[in-house]
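A.B. asks: Could you have a look at this structure, given as structure tokens, before my questions?
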There are 2 protein chains.
Amino acid sequence: MHLHPARSWRHCQPQFSTVWSLQGSHHGAQMQRIQAFLNENNVHTPCLIIDLDQVRRNYDELQRLLPRMSVFYAVKANPAPEVIRTLVEAGSSFDVASVPEINLCLELGATPARLSYGSTIKKERDISYAYSRGIRLFAFDSEEELLKISRAAPGSLVFCRLAVRNDGALCPLHAKFGCSQTMAEDLMRLARHVGLVPYGASFHVGSQQTCVGQWDAALSRVKSLLATLQEHSIDLQAVNLGGGLPAQGYADAVPAVSEYTDAINRAIVGHFGARNALLLMIEPGRAIVADAGVLQAEVVLVARKSNDDCKRWVYLDAGRFNGLAETLDEAIAYNITTSRDGEETEPVILAGPTCDSVDVIYEKKEYSLPVGLRAGDLVQFHSTGAYTASYASVAFNGFPPIQTYCI
Amino acid sequence: MHLHPARSWRHCQPQFSTVWSLQGSHHGAQMQRIQAFLNENNVHTPCLIIDLDQVRRNYDELQRLLPRMSVFYAVKANPAPEVIRTLVEAGSSFDVASVPEINLCLELGATPARLSYGSTIKKERDISYAYSRGIRLFAFDSEEELLKISRAAPGSLVFCRLAVRNDGALCPLHAKFGCSQTMAEDLMRLARHVGLVPYGASFHVGSQQTCVGQWDAALSRVKSLLATLQEHSIDLQAVNLGGGLPAQGYADAVPAVSEYTDAINRAIVGHFGARNALLLMIEPGRAIVADAGVLQAEVVLVARKSNDDCKRWVYLDAGRFNGLAETLDEAIAYNITTSRDGEETEPVILAGPTCDSVDVIYEKKEYSLPVGLRAGDLVQFHSTGAYTASYASVAFNGFPPIQTYCI
């Protein structure tokens, strides 16, 4: 049975008439594989199961819908070696953020030409290391970073990351990344001056972007930057459209993938013409792995804390510190199923197992779970393939990190 | 040079006239030891240095100030084996939250009688395991948990955790823990009925509690519970005053340790008389290890993102995901020093190295750091011995967990 935030719960009867059905086409097949694996294997909870077939399908579908674009998978979303290997075999390129991510991709068969060192915050010795491994594509958004790249990776191709609006993103990216257009112009001229190749402009519309129009808005700023730089005889060859493509399977509805890709394709043609020679890149993470994962947890305790408590507390062996970090501020609302689905439900507060009050999963969003739920029952969080296992704490409260099984 | 939030920075001249001086008595000696270690050893940043002498001094001082109390160190604050071993040798008991924490303490020489399984959210098989290792002291705050203990640890001593006010705590503990007094009464009668020993009442006034009066308020509720239970011929023998004693060395001032312990000792006598026979327990974590630690980070990048940015961004190789988790919502403001202290300063935004906008350390609190700060410079966060290393992510963005050195 499909459980969901009470925004749906309060207004929709029956519960299945919600934004997203677990019986959806791809998801149905994937759930069968994952459920079969869980039935056949006595895995300890909490654990994360990744369906590699689904990862591959998501990649292929995105590449089909964006035929002109090179897909650089954002490794940070899920760096499980099996996921990387699947995407190497599919032909993906990779957006990496650190030396360990570089080593991981290279060891699993990606060539250096398929890696983009997309972090704008890199140690100079890490840039040197990347350069020594053959990487020639680097991002920056500030003068100090640009000068580090010029010293440690001479002659490389550089992207300047523009700050753009993140409205509509469930996880907006904030002023931490990207610079103003005026600064980008100055820095690209400096890049040429210090012997780097001013190669492209990049941006990020914010993670789990719910508004398909944000890429168009960002691309209009890129177009303006390209035009100004041309006046200085700098012809940028590439545009990197960053991340932001959403998972489809969270509780809050988003447009279909094809609506995003149609809007992006239209925006490219609108701003740069149908026959432009730009090299186009995109860096999906969530859109490739989120819907391929299911996190299984066990109920540790169901409790009321006073005789007149109107909501039960349901404590699980997974929480903010071992897999569900993106429930911080309840930003991401996962769809949840339990081993007692079909029984009568009541609203609950969901919490993790640690002695930390931050470790509450959902309190404001009103999830409704079976009345009969008790210690030992199983709970599954859907579309948890991205930003879960790699966020987990090393051992907070002594609990080990969550185990990933790729099938 | 001592750097601090601009609340002090704006109002205080010179900067040293702040709430807490790095030249403070114990801290001076500790800093010398840690600084000598850092000078003599080429450690990679980010890293956490723990001064075990300071851990021991903090334990001894607390035991001296609270002569009637048994100290149960909250292992979750810092489970480094060297810290546990130091406290085993000092004679401490331990508040544990999980099977790995139990194993850690037993392996390092603590006897089962010195362990309290203080989590109120335990799997039944974990209770069984604890019981099999000889532990006989368990906490609960709900009926289901109590029944699990009765089945898995028959005849054990149980604490019921009361919900109490957390006002004044920098990290309040919320409705996640503790039950109402009426429920506590019912559950203690049930505990006797199911063959457990109704042993004590416990509470927690909230972590980093800034108000010395909160223990008195909580103890008045405990007194009322004890009186009601006596009417049912249940004589509780113990009171567990939980955690909440603060670190002294954060940027926001707190009363001296002795002001807390004086208030606690007075409250005990006031509510239970000078000759009471209660067994008194306390569970400090932060108060023992926080001020014994220094986290050293390296500046990765200093940047302005537009030509009219009034604040610089200072990006470090430590952030929310590898050591500074308690800067979430800027709850804990650490004192910060740099390798350029003494030079002119300007306000900064401090951020971690990952491609996640959550990984901003201080943006609202106005820290002021040297104008000349640049990539490669060192930055130290003081009083970072608690709730840092064990919170770190396994590998977010590929960055490894922070390394701890105990000296």
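A.B. asks: If we scan the stretch A:347-355, do we find a residue that is in contact (Cβ under 8 Å) with a residue 60 or more places away in the chain and of a type outside the set (A, V, I, L, M)? Please lay out each step first, then the result.
C.D. replies: Looking only at the stretch A:347-355, we keep the residues that are in contact (Cβ under 8 Å) with a residue 60 or more places away in the chain, and these are A:347.
Still in the running and of a type outside the set (A, V, I, L, M): A:347.
Checked the stretch A:347-355: at least one residue is in contact (Cβ under 8 Å) with a residue 60 or more places away in the chain and of a type outside the set (A, V, I, L, M).
A.B. asks: Could you pull out the residue among A:Val205, A:Val239 that is part of a loop (DSSP other than H, G, I, E, B), in contact with a strand residue (DSSP E or B) (Cβ under 7 Å, 6 or more places away or on another chain) and assigned by TED's automatic domain parsing to the domain that holds A:Ala256?
C.D. replies: After ruling out the rest, the residue left standing is A:Val205.
A.B. asks: Still on this structure, I have one more. Here is a check on your reading of the model: is B:Ile102 aliphatic (A, V, I, L, M), within 23 Å of A:Tyr315 (Cα to Cα), in a helix (DSSP H, G or I) and in the same structural domain as B:Ala238 (by TED's automatic domain parsing)?
C.D. replies: Numbers: aliphatic (A, V, I, L, M): yes; within 23 Å of A:Tyr315 (Cα to Cα): yes; in a helix (DSSP H, G or I): yes; in the same structural domain as B:Ala238 (by TED's automatic domain parsing): yes.
Spelling it out, B:Ile102 is indeed aliphatic (A, V, I, L, M), within 23 Å of A:Tyr315 (Cα to Cα), in a helix (DSSP H, G or I) and in the same structural domain as B:Ala238 (by TED's automatic domain parsing).
A.B. asks: For the stretch A:370-407, give me the residue count where each residue is assigned to a loop (DSSP other than H, G, I, E, B), over 19 Å from B:Ile402 (Cβ atoms) and touching a residue at least 60 places away in the same chain (Cβ under 8 Å). Before the answer, list the steps.
C.D. replies: Looking only at the stretch A:370-407, we keep the residues that are assigned to a loop (DSSP other than H, G, I, E, B), and these are A:371-377, A:383-388, A:392, A:394-395, A:399-402, A:407.
Then drop every residue that is not over 19 Å from B:Ile402 (Cβ atoms), which leaves A:371-377, A:383-388, A:402, A:407.
Cutting the leftovers down to touching a residue at least 60 places away in the same chain (Cβ under 8 Å) gives us A:373-377, A:383-388, A:402, A:407.
Residues meeting the conditions: 13.
A.B. asks: I would also like to ask the following. The conditions are (1) modelled with pLDDT of 95 or more; (2) in a strand (DSSP E or B), and B:Lys365 fails exactly one of them. Which is it?
C.D. replies: Just one mismatch for B:Lys365, condition (1).
A.B. asks: Still on this structure: Answer with yes or no whether B:Ala218 is more than 27 Å from B:Ala256 (Cα to Cα) and either out of contact with any Pro (no Cβ under 8 Å at 6 or more places or on another chain) or not hydroxyl-bearing (Ser, Thr, Tyr) (or both). Give the steps one after another, and end with the answer.
C.D. replies: Values: more than 27 Å from B:Ala256 (Cα to Cα): no; either out of contact with any Pro (no Cβ under 8 Å at 6 or more places or on another chain) or not hydroxyl-bearing (Ser, Thr, Tyr) (or both): yes.
In short, no.
A.B. asks: Which of the residues that make up the stretch B:276-321 are under 20 Å from B:Trp215 (Cβ atoms) and free of Cβ contacts under 8 Å to residues at least 60 places away in the same chain?
C.D. replies: Within the stretch B:276-321, B:Asn276, B:Ala277, B:Leu278 meet the criteria.
A.B. asks: Let me ask something else about it. Tell me which residues, restricted to the stretch A:370-395, are at the interface with chain B (Cβ under 8 Å from one of its Cβ atoms) and not aliphatic (A, V, I, L, M).
C.D. replies: If the condition is that a residue be at the interface with chain B (Cβ under 8 Å from one of its Cβ atoms) and not aliphatic (A, V, I, L, M), then A:Arg374, A:Gly376, A:Ser390, A:Tyr391, A:Ser393 are the ones that fit.
A.B. asks: Turning to a different aspect of this structure: In contact with a helix residue (DSSP H, G or I) (Cβ under 9 Å, 6 or more places away or on another chain) and within 23 Å of A:Lys148 (Cβ to Cβ) - does that describe any residue in the stretch A:211-219?
C.D. replies: No.
A.B. asks: Considering only residues that are among the charged types (D, E, K, R) and within 14 Å of chain A (Cβ to nearest Cβ), which ones fall in the stretch B:44-91?
C.D. replies: Within the stretch B:44-91, B:Lys76 is the sole residue that qualifies.
A.B. asks: Output the number of residues of the stretch B:54-74 satisfying the condition of being in contact (Cβ under 8 Å) with a residue 40 or more places away in the chain and in a helix (DSSP H, G or I).
C.D. replies: Counting residues in the stretch B:54-74 that are in contact (Cβ under 8 Å) with a residue 40 or more places away in the chain and in a helix (DSSP H, G or I) gives 7.
A.B. asks: Confirm whether B:Pro46 is modelled with pLDDT of 95 or more, under 13 Å from B:Tyr405 (Cβ atoms) and out of contact with any helix residue (DSSP H, G or I) (no Cβ under 7 Å at 6 or more places or on another chain).
C.D. replies: yes
A.B. asks: Looking at the stretch A:113-125, can you tell me whether even one residue there is assigned by TED's automatic domain parsing to the domain that holds A:Gln214, under 19 Å from the mean Cα position of the chain (by Cα) and either surrounded by fewer than 19 Cβ atoms within 10 Å (Cβ to Cβ) or on the phi > 0 side of the Ramachandran plot (or both)?
C.D. replies: no
A.B. asks: Return the residues of the stretch A:389-405 that are closer than 11 Å to B:Ala97 by Cα and of a type in the set (S, T, N, Q); say none if nothing qualifies. Steps first, answer last, please.
C.D. replies: Filtering the stretch A:389-405 for residues closer than 11 Å to B:Ala97 by Cα gives A:396-399.
Scanning the stretch A:389-405 gives a single hit, A:Asn397.
A.B. asks: Name the residues in the stretch B:244-261 that are without any contact (Cβ under 8 Å) to a residue 60 or more places away in the chain and acidic (Asp, Glu), would you?
C.D. replies: B:Glu259
A.B. asks: For the stretch B:200-236, give me the residue count where each residue is more than 16 Å from B:Arg266 (Cβ to Cβ) and touching a Phe, Trp or Tyr at 6+ places or on another chain (Cβ under 6 Å).
C.D. replies: Matching residues across the stretch B:200-236 total 2.
A.B. asks: Can you pull out every residue in the stretch B:165-177 that is within 7 Å of chain A (Cβ to nearest Cβ) and closer than 17 Å to A:Arg312 by Cβ?
C.D. replies: Once the filter is applied, which keeps residues that are within 7 Å of chain A (Cβ to nearest Cβ) and closer than 17 Å to A:Arg312 by Cβ, the stretch B:165-177 yields B:His174, B:Ala175, B:Lys176.
A.B. asks: What are the residues in the stretch B:34-53 that are assigned to a helix (DSSP H, G or I) and not β-branched (Val, Ile, Thr), if any?
C.D. replies: B:Gln35, B:Ala36, B:Phe37, B:Leu38, B:Asn39, B:Glu40, B:Leu52, B:Asp53 - these are the residues of the stretch B:34-53 that are assigned to a helix (DSSP H, G or I) and not β-branched (Val, Ile, Thr).
A.B. asks: So which residues in the stretch B:220-245 are under 16 Å from B:Asn166 (Cβ atoms) and surrounded by fewer than 22 Cβ atoms within 10 Å (Cβ to Cβ), if there are any at all?
C.D. replies: B:Ser220, B:Arg221
A.B. asks: If we keep just the residues of the stretch A:356-369 that are without any contact (Cβ under 8 Å) to a residue 60 or more places away in the chain and either in contact with an Asp or Glu (Cβ under 6 Å, 6 or more places away or on another chain) or among the hydroxyl-bearing types (Ser, Thr, Tyr) (or both), which is nearest to the other protein chains (Cβ to nearest Cβ)?
C.D. replies: Narrowing the stretch A:356-369 to residues without any contact (Cβ under 8 Å) to a residue 60 or more places away in the chain: A:356-361, A:363-364.
From what's left, either in contact with an Asp or Glu (Cβ under 6 Å, 6 or more places away or on another chain) or among the hydroxyl-bearing types (Ser, Thr, Tyr) (or both): A:357, A:364.
Values: A:Ser357: 4, A:Lys364: 13 Å.
Here the answer is A:Ser357.
A.B. asks: Here's a check for you: in the stretch B:174-211, which residue that is surrounded by fewer than 24 Cβ atoms within 10 Å (Cβ to Cβ) and among the β-branched types (Val, Ile, Thr) is farthest from A:Cys310 (Cα to Cα)?
C.D. replies: B:Thr210
A.B. asks: Continuing with this model, one more query. Could we say that B:Gly319 is within 14 Å of chain A (Cβ to nearest Cβ), crowded, with 17+ Cβ neighbours inside 10 Å, under 30 Å from A:Ala184 (Cα atoms) and among the small types (Gly, Ala, Ser) here?
C.D. replies: yes
A.B. asks: Could you go through the stretch B:131-151 and let me know if any residue there is among the aliphatic types (A, V, I, L, M), surrounded by fewer than 24 Cβ atoms within 10 Å (Cβ to Cβ), over 18 Å from the mean Cα position of the chain (by Cα) and farther than 24 Å from A:Phe399 by Cβ.
C.D. replies: no
A.B. asks: Condition first: at pLDDT 95 or above, surrounded by fewer than 19 Cβ atoms within 10 Å (Cβ to Cβ) and either in contact with a strand residue (DSSP E or B) (Cβ under 7 Å, 6 or more places away or on another chain) or within 15 Å of A:Gly168 (Cα to Cα) (or both). Now tell me which residues in the stretch A:246-258 satisfy that.
C.D. replies: A:Pro255
A.B. asks: When the residues of the stretch B:92-102 are filtered to those that are within 11 Å of B:Val75 (Cβ to Cβ) and within 12 Å of chain A (Cβ to nearest Cβ), which remaining residue is surrounded by the most Cβ atoms within 10 Å (Cβ to Cβ)?
C.D. replies: Taking the candidates together, the pick is B:Asp95.
The values are calculated or read from the model by the stated rules, or taken from the named source; none is laboratory data. Quick caveat: nothing in here was measured; it's all calculated off a predicted structure. As a convention, Cβ positions derive from the backbone with ideal geometry for all residues, glycine included, and neighbour counts pool all protein chains shown.
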